[in-house]
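First up is the structure itself, then whatever we jot down about it.
The values are calculated or read from the model by the stated rules, or taken from the named source; none is laboratory data. Model, not experiment: these values are computed from the prediction. Counting neighbours? That spans all protein chains shown, and the Cβs are built from the backbone with ideal geometry, glycine included.
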Amino acid sequence: MNFIFAKLFEEYRRKNDSPRYSITLYISVVYFFLSFAILLPIKTLIDKKVFNDQIEYEKSSIMIVVFGLLALILLFVYRIYIKNERIFRLVERYKGMKINKVLLFFIIVLTPVILLLLAGTITVYLNGGKILGNEINGLLE
């Protein structure tokens, strides 16, 4: 992924499109959706096995946790990639490597979408539900 981040940063710099903030937002979105792909199935597993599906959540508390997680990821990505100038080291590291722009943008668009769909699919397979009209019995039932 660092290669993709470096090449995207180069594209942002070429277009004078505020590359520091744009790359920070993209990396944060990728890590945010990756955390959903990891944490959502873990939450489902804990709800089913530990609490026997008896715990109730308020929507406001879930939203606070989600926005808090997003803020933490945004802060850490900014500190690691921009403030510590890791993105510039990555650009130098991958300077000699090339990637087709169409392929780069295809990967850039599909990565967050695939991570988000993966989180939902894993959760449905654990918890049970419907995917594309097919009823799935959960593994944890």
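What is the residue count in segment 57-98 for residues that are hydrophobic (A, V, I, L, M, F, W, C) and under 11 Å from residue 6 (Cα atoms)? Final tally of qualifying residues: 5. Of all residues in segment 33-64 being assigned to a loop (DSSP other than H, G, I, E, B) and in contact with an Asp or Glu (Cβ under 7 Å, 6 or more places away or on another chain), which is surrounded by the most Cβ atoms within 10 Å (Cβ to Cβ)? Applying the filter and picking the extreme gives 53. The residues of segment 81-95 that are over 24 Å from residue 36 (Cβ atoms) and in a helix (DSSP H, G or I), listed by number, are 83, 88, 89, 90, 91, 92, 93.
Condition check ((1) at pLDDT below 95; (2) in contact with a helix residue (DSSP H, G or I) (Cβ under 6 Å, 6 or more places away or on another chain); (3) loosely packed, with under 13 Cβ neighbours inside 10 Å; (4) assigned to a helix (DSSP H, G or I)) across all residues:
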site: 79; (1), (2), (3), (4): no, no, yes, yes
site: 97; (1), (2), (3), (4): yes, no, yes, no
site: 119; (1), (2), (3), (4): yes, yes, no, yes
site: 125; (1), (2), (3), (4): yes, no, no, yes
site: 135; (1), (2), (3), (4): yes, no, yes, no
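Can you find even one residue in segment 44-58 that is modelled with pLDDT under 95, closer than 24 Å to residue 114 by Cβ and not aromatic (Phe, Trp, Tyr)? Yes, that holds for at least one residue.
Contact map, segment 109-126: residues that are without any contact (Cβ under 8 Å) to a residue 40 or more places away in the chain paired with residues that are of a type in the set (A, V, I, L, M, F, W, C) and surrounded by fewer than 17 Cβ atoms within 10 Å (Cβ to Cβ), Cβ distance under 9 Å, separation 6+ or inter-chain. Pairs shown: 121/131; 124/131; 124/136; 125/131; 125/136; 125/139.
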